[in-house]
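All of the numbers you see were taken from the coordinates with simple rules; none came from a lab. The model shown is predicted, which means the values in this text are computed figures rather than measured ones. Virtual Cβ from ideal backbone geometry, glycine too; neighbours counted across all protein chains shown.
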Amino acid sequence: MDNKQLIIQNALTQLNHRIKSSSLNQDAKNSVWERVNGVDIQLLERLCSQSSRPLTVINLLYVLCFLAGLDTQTIAAIFTIESGTVYSVRYRLRAYFPADVFLPF
């Protein structure tokens, strides 16, 4: 495993912990975790390599949630933040990538 894969593995572990400790009900937690596990890791690696700045682990957590197609309220519950903050994070993350990179979120 190279360094990028270890960082992504660490992000998945941290996201799993956040999901488990969130205020979501158990069925929602299971559903969210299944969706996160269904994210194409190769797509995530490609996005990481195309970013103009290195993505932090917390950035990767958000990107994983966005790629999993989670709604704003679910992401807000996972990170214990306001829904408006999720919109701000998405906007700021887009600034990490050149304009010609297709972002699926």
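For region 50-101, residues that are surrounded by 13 or more Cβ atoms within 10 Å (Cβ to Cβ) and assigned to a loop (DSSP other than H, G, I, E, B) total 9.
Yes/no per residue for (1) without any contact (Cβ under 8 Å) to a residue 60 or more places away in the chain; (2) more than 23 Å from Thr13 (Cα to Cα); (3) in contact with a His (Cβ under 8 Å, 6 or more places away or on another chain):
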| residue | (1), (2), (3) |
| --- | --- |
| Ser51 | yes, no, no |
| Leu61 | yes, no, no |
| Thr72 | yes, no, no |
| Ile78 | no, no, no |
| Thr85 | yes, no, no |
| Ser88 | yes, yes, no |
| Phe97 | yes, yes, no |
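Taking each residue of region 1-17 that is more than 13 Å from Leu44 (Cβ to Cβ) and looking for partners that are surrounded by 15 or more Cβ atoms within 10 Å (Cβ to Cβ) with beta-carbon atoms closer than 8 Å, six or more apart or interchain, yields Gln14/Leu61; Asn16/Trp33; Asn16/Val36.
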